[in-house]
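**Q** Quick one: structure below, then a few questions.
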Protein chains: 2
Amino acid sequence: MVVIPFQQGTNAERSRHRNRQAVLGQVRAAGTMGRAEIARALSLTTQTVSNIIAELVADGMLVEKGRLSGGRGLPAIQYGLNPKGGYALGIEVRPDAVFAALLDMQGKPVSMERVALQGTRPDSVLAEVSGLYARALRQVSVAKDRMLGAGIVMPGPFGVTGISGMGSDLVGWQEVDAEHLFAEAVGLPVVLSNDANAGAMAERVNGVAQGIHSFAYLYFGAGLGLGMVHEGQLIGGAFGNAGEIGHVPVPGGKLEDALSRLSVQRHMAAAGKEVTGIDMLDQLFLQKDRDLMAWLESASTALGHALAIVENMFDPQTVILGGAMPDAVLDHLVTHAPLPQVSVSNRPEVLHPRLMRGASGRMTATLGAAALVLNRALTAPLSYAN
Amino acid sequence: MVVIPFQQGTNAERSRHRNRQAVLGQVRAAGTMGRAEIARALSLTTQTVSNIIAELVADGMLVEKGRLSGGRGLPAIQYGLNPKGGYALGIEVRPDAVFAALLDMQGKPVSMERVALQGTRPDSVLAEVSGLYARALRQVSVAKDRMLGAGIVMPGPFGVTGISGMGSDLVGWQEVDAEHLFAEAVGLPVVLSNDANAGAMAERVNGVAQGIHSFAYLYFGAGLGLGMVHEGQLIGGAFGNAGEIGHVPVPGGKLEDALSRLSVQRHMAAAGKEVTGIDMLDQLFLQKDRDLMAWLESASTALGHALAIVENMFDPQTVILGGAMPDAVLDHLVTHAPLPQVSVSNRPEVLHPRLMRGASGRMTATLGAAALVLNRALTAPLSYAN
DNA sequence: CGATTAACTCAAATCATTTGAATATTCAAT
DNA sequence: ATTGAATATTCAAATGATTTGAGTTAATCG
């Protein structure tokens, strides 16, 4: 494992980098902003912001958006992100296929591709990934130096042997430094994470969590995952495996026994119906299939438990539900899950609904992989002064 | 509510502050260090570290500790924290009393006092607090400008009405800005938190979590609380109420039904034994009281559930158990709790035991209140460069 | 004993932000 | 319609903090 320095000092160069990040992030969050406005938001002087903006405009990251006359005084020149100023690559590795997406700085996907995998051995996966990356660049004609980085999503958990038989661990990836390998394959800085974390970032960058800095994201993968975002940053845990909420015991068993894709499939199989894909679930839901509705009943209860756990432990602004389920099913769960009474989130006045459905659809994890990069590039973490 | 800026830019002054923090933190963690060593650890130049150290020595925060000859070359001058260089005030407000502790920069308590409360109205509490603070300063003859800040611990949760009947909410504090009031009363920067968070910091600053950057702390208060430390910083949640793990549903009911001080008291009362204090529990445990042992049996099971939740959701380096329980009882729980099989923490090789007993004893929360301040003063959060 | 290694210091250079002065534009009051 | 206050921006000089480079000191290795 790479030794992560626990503390780092800073200098002029790092300060500049941080301030650039902050300016970009601020502009992205607001759409368009003027120099003075940005300066106030970041506790910088207008001159500093002015210098940075000049640089960012020269680099093609920002573009002028005309003057906005509103209040008194000289109308501020508005600046907005230049979507073509930077791109992020998102890669999702599944046991049977690799997905790639290229997102512009705005968070909009500009290319997508899927390649089937023969095996999951590192060599072949890496070769496919380089190919996907090269094709994406060519297809959209993006210069390599416009790339901000690559986000990789793989089935976790990473580096643990205690949980086996999950069937999700990729063969051949146990003993390798995946992050390093991918970084070499694409020649970019790499962020490696799991599907739930990526999904959370997808919602933050482009979905319903825009402008929300602390939230939790419940993700239907094969099992059930959780992404936690605190002050704009993911909480990954000491070993990168935080959020494995599926394994958590609740009344009635493990959470993912009642609330996961495997759980529906098992339930429906017991009723003699083999569920092969998401579309089929969608069909069954439309038909109000009795067995599916029965499963939803118990799943809603389980979701209530999950909420009680997540809300009380993490106290987020909201909880978002997403992943490999039809939107209609997610919506049903969102409206039918019992919101726990005994919860710190049970407030008299609320700014956000306690539970929402995610907006990223089925490609959540792939888009989220790229969103991991965007979030890192556009967010300067808070530091505490005295 | 105070609007917390989500991002902030930085400048020369803030950089310096941050670097000072980082140097102090590094020295504290290592005991003694030389300039070049610190520079390497923080990715700064030796010259920068030299300048900062000169300043810190002049300010009385660091002291020279002689030369250490080990390898080749000029032996480095070692520097260590000057315990008297700074002090942190810790205040714990309980429904019936206020506790105050003064910690030096090393984390060692230099004064402690308890004052009984008539009522918990803000005026009277604040008056007692100012008094305690003034007496502590006089008693240890600490100059006011040596104070780094004050940490306040109060029963939470803060600003929630959904959970009532907990009996822990302080009367008269619902509608006031406690942080501001305390800051005015003592004339210091204030950190406000709950007992579990404070306890976690106590362990980090002076207990078994020294050198551990990501861990979780289970705290026996009236109920059961959880403090989560991630990369050296507390995770407070969006509204400051993260860690209310007691309310979480597990097989058999809410977690704190089986695992809390109230739970033992109820259990023992049902057996006709009124438990009035910790000492009495200690006695009963020594005598291997049958009813207490029965409670411990079920409490251990519950603790196993708690571990499964905390480990899988947060993936910490370790979980620490502490709070208002006799050490012997905590030890019993630590040894008897079933370590969950299905957990991301169930690793083949471990650096830290998965479950440990805290070392701060009964004054955990008060000491922790001050530790909150020390941690903030000595830890520069990581930022991510590209 | 000389070569090498490493820590430290001084002075000058560099980088980035801040300060101060000047200008442009709009709103609001007279 | 005119004037004054408020706000946004820019330019040039000043400031604050880190970095660079040369030089000194001290210990170990061969």
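The values are calculated or read from the model by the stated rules, or taken from the named source; none is laboratory data. The shown structure was predicted, so the numbers you read here are calculated from the model rather than taken from an experiment. Cβ coordinates were reconstructed from backbone atoms using ideal geometry, including for glycine residues, and neighbour counts include every protein chain displayed. Quick note on the areas: whole protein, heavy atoms, side chains included, nothing else; ligands and nucleic acids left out. Shrake-Rupley method; radii C 1.70, N 1.55, O 1.52, S 1.80 Å.
**Q** Are any residues in region A:330-374 open to solvent by 10 Å² or more (accessible area, probe 1.4 Å), out of contact with any Leu (no Cβ under 8 Å at 6 or more places or on another chain), at pLDDT 90 or above and in a helix (DSSP H, G or I), and if so, which ones?
**A** Within region A:330-374, A:Asp331, A:Thr335, A:Met363 qualify.
**Q** Quickly run through region A:139-151 and pick out the residues that are away from chain B (no Cβ under 14 Å) and either over 16 Å from A:Leu188 (Cβ atoms) or surrounded by 19 or more Cβ atoms within 10 Å (Cβ to Cβ) (or both).
**A** Selection gives A:Gln139, A:Ser141, A:Val142.
**Q** Tell me which of these A:Met313 doesn't satisfy, since it passes every other one: (1) in contact (Cβ under 8 Å) with a residue 12 or more places away in the chain; (2) in contact with a strand residue (DSSP E or B) (Cβ under 7 Å, 6 or more places away or on another chain); (3) assigned to a helix (DSSP H, G or I).
**A** (1)
**Q** Find the residue count for region A:25-41, including only residues that are in contact (Cβ under 8 Å) with a residue 40 or more places away in the chain and farther than 13 Å from A:Gly80 by Cα.
**A** Counting residues in region A:25-41 that are in contact (Cβ under 8 Å) with a residue 40 or more places away in the chain and farther than 13 Å from A:Gly80 by Cα gives 1.
**Q** For region B:313-342, which positions are closer than 26 Å to B:Gly221 by Cα and facing chain A (nearest Cβ under 10 Å)?
**A** The answer is B:Met313, B:Phe314, B:Asp315, B:Pro316, B:Gln317, B:Thr318, B:Leu339, B:Pro340.
**Q** Conditions first: (1) within 14 Å of another protein chain (Cβ to nearest Cβ); (2) in a helix (DSSP H, G or I); (3) farther than 16 Å from A:His336 by Cβ. A:Ala302 passes all but one, so which condition is the exception?
**A** Checking A:Ala302 against (1) within 14 Å of another protein chain (Cβ to nearest Cβ); (2) in a helix (DSSP H, G or I); (3) farther than 16 Å from A:His336 by Cβ, the one that fails is (3).
**Q** Which ones in region B:212-223 are open to solvent by 20 Å² or more (accessible area, probe 1.4 Å) and touching a Phe, Trp or Tyr at 6+ places or on another chain (Cβ under 9 Å)?
**A** B:His213
**Q** Need the failing condition index for A:Asn194 against (1) of a type outside the set (Gly, Ala, Ser); (2) farther than 21 Å from A:Leu303 by Cβ; (3) crowded, with 20+ Cβ neighbours inside 10 Å, just the number.
**A** Condition (2) is where A:Asn194 drops out.
**Q** Would you mind stating whether A:Gly172 is crowded, with 20+ Cβ neighbours inside 10 Å, part of a loop (DSSP other than H, G, I, E, B), out of contact with any Cys (no Cβ under 8 Å at 6 or more places or on another chain) and not assigned by TED's automatic domain parsing to the domain that holds A:Gly323?
**A** No, not satisfied.
**Q** Go through region B:209-223 residue by residue and tally those that are in a strand (DSSP E or B) and within 11 Å of chain A (Cβ to nearest Cβ).
**A** 2
**Q** Then there is this: Quick one: which of B:Ala269, B:Ala299, B:Ala294 is at pLDDT 95 or above and either open to solvent by less than 30 Å² (accessible area, probe 1.4 Å) or within 14 Å of the chain's Cα centre (by Cα) (or both)?
**A** Being at pLDDT 95 or above and either open to solvent by less than 30 Å² (accessible area, probe 1.4 Å) or within 14 Å of the chain's Cα centre (by Cα) (or both) holds for just one of B:Ala269, B:Ala299, B:Ala294, which is B:Ala299.
**Q** Still on this structure: Considering every residue within region A:201-211, establish whether at least one is at pLDDT 95 or above and open to solvent by 30 Å² or more (accessible area, probe 1.4 Å).
**A** yes
**Q** Can you name the number of the only condition in (1) within 14 Å of another protein chain (Cβ to nearest Cβ); (2) open to solvent by 10 Å² or more (accessible area, probe 1.4 Å); (3) outside any loop (DSSP other than H, G, I, E, B) that A:Ala308 fails?
**A** Every listed condition holds for A:Ala308 apart from (2).
**Q** Let me ask something else about it. Residues that are more than 16 Å from DNA strand C (Cβ to nearest atom), open to solvent by 30 Å² or more (accessible area, probe 1.4 Å) and more than 11 Å from chain A (Cβ to nearest Cβ): which strands (runs of 3 or more DSSP E) entirely in region B:1-116 hold 3 or more of them?
**A** B:109-116
Here's the yes/no breakdown for (1) open to solvent by 30 Å² or more (accessible area, probe 1.4 Å); (2) at the interface with chain B (Cβ under 7 Å from one of its Cβ atoms); (3) under 20 Å from A:Val329 (Cα atoms):
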position: A:Gly225; (1), (2), (3): no, no, yes
position: A:Gly232; (1), (2), (3): no, yes, no
position: A:Gly237; (1), (2), (3): no, yes, no
position: A:Ala242; (1), (2), (3): no, yes, no
position: A:Leu259; (1), (2), (3): no, no, yes
position: A:Thr276; (1), (2), (3): yes, no, yes
position: A:Leu284; (1), (2), (3): no, no, yes
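**Q** Can you tell me which residues in region B:127-138 are crowded, with 17+ Cβ neighbours inside 10 Å and not β-branched (Val, Ile, Thr)?
**A** B:Glu128, B:Leu132, B:Tyr133, B:Ala136, B:Leu137
**Q** Does A:Ala97 satisfy the criteria of being farther than 22 Å from A:Val205 by Cα, without any contact (Cβ under 8 Å) to a residue 40 or more places away in the chain and touching a Lys or Arg at 6+ places or on another chain (Cβ under 8 Å)?
**A** Yes; evaluated as a whole, the condition is true for this residue.
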